[in-house]
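Laboratory data are not the source of any read-out in this text; all were calculated from the coordinates shown. This structure is a prediction, so every number in the text was calculated from the model and none was measured. Methodologically, a virtual Cβ is constructed for each residue, glycine included, from the backbone with ideal geometry; neighbour enumeration extends over all protein chains shown.
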2 protein chains.
Amino acid sequence: MNKTTIKDVAKRLNVSISSVSRAFNDKYDIKKETRERILRVAKEMGYHPNPIAQKLKQNKSFNIGVIVPEFINEYYSEVISGIQEVLNVNGYQVLTMQSNNCPSLEFKNVETLLNNRVDGLIICPSCDSENMNFYLEKISKGQHIVFVNRVKESFPAKKVLFNNIKWSYLATEHLIQKGYKKIYHLAGNKNLSISHDRISGFKKAMEKYKFPTSSFKIIETGLLAEDATVIVEELILDDDLPDAFMCINDLVALSVISILSEHSIAVPEDIGVIGFTETKMASLMSPKLSSVKQPTYEMGKTAAEMLCKSINNIVIERETVIMNGDLNIRKSSSRS
Amino acid sequence: MNKTTIKDVAKRLNVSISSVSRAFNDKYDIKKETRERILRVAKEMGYHPNPIAQKLKQNKSFNIGVIVPEFINEYYSEVISGIQEVLNVNGYQVLTMQSNNCPSLEFKNVETLLNNRVDGLIICPSCDSENMNFYLEKISKGQHIVFVNRVKESFPAKKVLFNNIKWSYLATEHLIQKGYKKIYHLAGNKNLSISHDRISGFKKAMEKYKFPTSSFKIIETGLLAEDATVIVEELILDDDLPDAFMCINDLVALSVISILSEHSIAVPEDIGVIGFTETKMASLMSPKLSSVKQPTYEMGKTAAEMLCKSINNIVIERETVIMNGDLNIRKSSSRS
DNA sequence: TTGTAAGCGTTATCAT
DNA sequence: ATGATAACGCTTACAA
């Protein structure tokens, strides 16, 4: 075990511990030679300053807490990777916790992390309609918090969002331009702003291209593959299939394709499908899935940078950053 | 900010700080009433012991470091979830880092975590053939380390492995029993023991069922989808397609299916395909992918439990735990 | 049962 | 330029 302390080094060199400390913290006066001598011997002895003592003294943990709904899917894994990239470079360690999409566990995790004295938090909320006052209170008490993804644009806090309205509109427009005349949107849960926004984008496209009410539907499906399965089976039974599905995410899109294929309905010839929040798998399917790509990694980096600034009291230009994506068109929406 | 200290509480109650400390650490003698009074007032004041001070005093960080090659794919995300589940319950916080499949970054991360005084490490190595002495040295210095997945069974350390030989054998046997007569194994990089073991299992099945050398091949493909693409295209050009592919992982399997489908080769009718290390997506494909499921979550839990025991010097029955999986048979290998 | 005080490994103020 | 020392917030041996 590494047990060499500043005292050991000081004793060995017949200098005071303050000199050793100074040698390791450039900011103090110390003769260049002594500094180098100390550093050399310290290295020989395998000395590393004990960060825990430093933390206590400086009243700073150099830990940042990150809470996500889950990281089994790529989305939040990539966000976390972006966060780590920035924070590690800045000398922070990242403590990640999952809320399992449960607000009360999310809040409990926040308390755990705060009790562990994290210097700041990045929260990807599981839900943006419940108890957001919990966070406003923490912020007003001086906590540094940055939110990512599932947060209302109107929420008065630092946050990084994806422009769901715009890219939902563009995805829908793409289907229209491909000649699909009857389009259903398999939407997520309405009390999530991201679902709400994607519905808005979809509606906007319907209006813009003057689709009559009979030519589109918005079906609240949820975010899970299983949910979609049931719905599509029903549509088939009711003989109420559209020309194309605009799906809340790739999981739903893939399960739609899977069911249609079981019923020998051809994608994209009979029915077009487009997903959202691109999965790596999207390009490994047959047919390959068209989807809206979100800049997950960059969203994480941006949030981390905002947090660093917040901690260092650097004023920020914009409290809210809304990011753009890419429309990755592949086979599933490209009939010729 | 939470700034209430043990002193504030003591002063407020006209007791000594040791009494307050005792109230929070059951193990000491303290009158029940005082204890309750202290706890109640402490709660009112919003006091929580400062874990950093506790760590310094107890010379223990209550942090555990975890290093994985990446957590964009589900495999390590699930392992980490299992680890967190156990460690959080035991009062530890988990510091996760990615090595990006690069041994030197992995070692650098180890040093970072050790300098941060983690109480133990769980390592999912990026490679098991290089510099494993690095770890043996740490262990001999008293560090607590548990390895997961990519480690040779002969490596003398605590570890949790998957029985790759057995399940590779079973996956291959399944293809044989389905009547596929010519089987190619798309293998991973040979200097990884997991690839090596899966090759062994494959060979074992070939021997057991007396396949002549002309009826099977082992092609070193790598772990990535792109690698497989090239290989299969070549096989098609050379008119050297087998009856079935036994793939090193699902990513490779899915890209095989995708290419075959582009060439209008039917899976599973013309060619059967089976993957390894089940992806969630496996059951969303058409055809749904057969695969070997690894108990990722349980592997993480097991490793974490072993680490806790190691830290608390509890003797362990077996230094090496080798886990079993499931054969999830779906459409891609089920011709009728 | 409770209080006093030393000490964990640093940093930073004040002398020298 | 360097050294002595208090302090960070807690635990724990020892004293009362």
Highest to lowest packing among B:221-233, A:243-255, scored as the average C-beta count within 10 Å: A:243-255, B:221-233
When the charge dipole of chain B is computed with +1 at the Cβ of Lys and Arg and -1 at the Cβ of Asp and Glu, the Cα pointing farthest to the positive end, of B:Y47, B:V110, B:Y180, is that of B:Y47
Once phi is turned into θ = phi - 60°, what whole-Hz ³J(HN,Hα) does the Karplus curve with 6.51, -1.76 and 1.60 give for every residue of the range B:44-56, x standing for Gly and Pro? 3, 7, x, 7, 10, x, 7, x, 5, 5, 4, 4, 4
For chain B, what does the helix formula give at 222 nm: sum of -39500 (n - 2.57) over DSSP H segments with n ≥ 4, over the residue count, nearest 500 deg cm²/dmol? -13500 deg cm²/dmol
homo-copy label distances at A:Q58 (7 angstrom along Cα-Cβ), nm, one dp, ascending, are 2.4
For chain B, shape from the Cα gyration tensor axes a ≥ b ≥ c, cut at a/c of 1.5 then a/b versus b/c, turns out prolate
Derived scalar couplings ³J(HN,Hα) [the range B:76-82; Karplus, 6.51 cos²θ - 1.76 cosθ + 1.60; whole Hz; x for Gly, Pro]: 6, 4, 6, 4, 4, 4, x
For B:70-76, mean number of other protein chain Cβ atoms within 10 Å: 4
For A:T4, which inter-copy label distances result when the label point lies 7 Å beyond Cα on the Cα-to-Cβ vector, reported in nm to one decimal and in ascending order? 4.3
Setting aside same-chain residues fewer than 8 positions from A:K204, which lysines have a Cα under 26 Å from its Cα? A:K152, A:K159, A:K166, A:K178, A:K181, A:K182, A:K190, A:K217, A:K293, A:K331
Each residue of the range A:325-336 in turn: what ³J(HN,Hα) in whole Hz from Karplus with 6.51, -1.76, 1.60 and θ = phi - 60°, glycine and Pro shown as x? x, 9, 9, 9, 8, 10, 5, 4, 10, 10, 7, 9
Would you tell me the mean number of C-beta atoms belonging to other protein chains that fall within 10 Å of each C-beta in A:46-52, as a whole number? 5
For B:278-287, what's the mean count of beta carbons from other chains sitting within 10 Å of each residue's beta carbon? 6
Listed by chain and number, the residues whose amide H is under 5 Å from that of B:H185, excluding neighbours fewer than 5 places away on the same chain and using placed H, are B:K217, B:I218, B:I219, B:M246
Using +1 on the beta carbon of Lys and Arg, -1 on that of Asp and Glu, and nothing else charged, what's the dipole of the range A:185-235 about the Cα centre, debye to 20? 460
Rule-of-thumb check for the protein assembly as shown: C-alpha Rg over 2.2 N^0.38 Å? 1.08
Sequence-distant residues sharing a close amide H with A:G120 (under 5 Å, placed H): A:G65
Using modelled amide H (1.01 Å from N, peptide plane; none on Pro or chain starts), what sits under 5 Å from the amide H of B:I322, excluding residues fewer than 5 places away? B:L161
Using a label point 7 Å beyond Cα on the Cα-Cβ vector, give me the inter-copy distances for B:E269 in nanometres, one decimal, shortest first. 1.4
Place +1 on the Cβ of every Lys and Arg and -1 on the Cβ of every Asp and Glu in chain B, take the dipole about the Cα centre, and give the residue among B:T34, B:L170, B:G325 whose Cα lies farthest towards its positive end. B:T34
Restricted to Cα positions, what overall size does the range A:6-57 have along the principal axes? Three whole-Å values, descending. 29, 23, 16
Pairwise label distance in nanometres, B:K3 with B:E44, each label 7 Å out on the Cα-Cβ vector: 2.2
Gap separating the Cα centres of the range B:39-113 and the range A:214-232, nearest whole Å: 39
Dipole of the protein assembly as shown, Cα-centred, from +1 at each Lys and Arg C-beta and -1 at each Asp and Glu C-beta, to the nearest 20 debye? 3680
Using +1 on the beta carbon of Lys and Arg, -1 on that of Asp and Glu, and nothing else charged, what's the dipole of the range B:207-308 about the Cα centre, debye to 20? 600
